[in-house]
Amino acid sequence: MNAFAATEQRGLYRNADKALLGGVCAGLAEYFGFNLRVTRFLAFVGFLMAMPMAIITYIVALFLIPARTGAGLRAGPADPGFRKTLRASPVQAAGDVRRRFRSLDRRLARMEKYVTSSRYQLDREFRDL
């Protein structure tokens, strides 16, 4: 699976594990890669500035966005910071992936060189004795 396929599978869910009221802010923060405290602060400011509309919007989101707990959440990529880096700076994330693939390619080339060498055959014959 590549990084693009992993990001395409993501979905918007209410995070019931980090919920204060309904988990809407926690789900939005996780989906967009924002800090949870900042998201809650912005929601609070929204409640203060436009109380009736903000309450209606929150209640609608509470009923329309499905909830998931920790057991139901899909596991992220092997590198936990990858999704956040990908959202924050796609160019930097692509560069990191490119460097990792180059490193893996070099390691694979060294292994292939060893396996096709006469040294490998000699080591194998000693092992079989």
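Between D128 and I59, the modelled label-to-label distance comes to 7.8 nm, taking each label 7 Å out from Cα in the direction of the beta carbon.
Would you mind ranking E112, E30 so that the residue whose beta carbon has the fewest other beta carbons within 10 Å leads the list?
Numbers: E112 10, E30 21.
Lowest count first: E112, E30.
Ordered by the number of other Cβ atoms lying within 10 Å of each residue's own Cβ, fewest first, T57, T39 fall into the sequence T57, T39. Legend: ranking of residues L20, L86, L62 from fewest to most surrounding C-beta atoms inside 10 Å; resulting order L20, L62, L86. With 0.36 nm allotted per residue and the present C-alpha distance subtracted, the S103-A16 stretch has 27.4 nm of extension available.
We did not get these values from a lab; they are worked out from the coordinates using the rules stated. Values in this document were obtained by computation on a predicted structure and should not be read as measured data. Every residue, glycine as well, gets a Cβ built from its backbone with ideal geometry; the counts of neighbours run over all protein chains shown.
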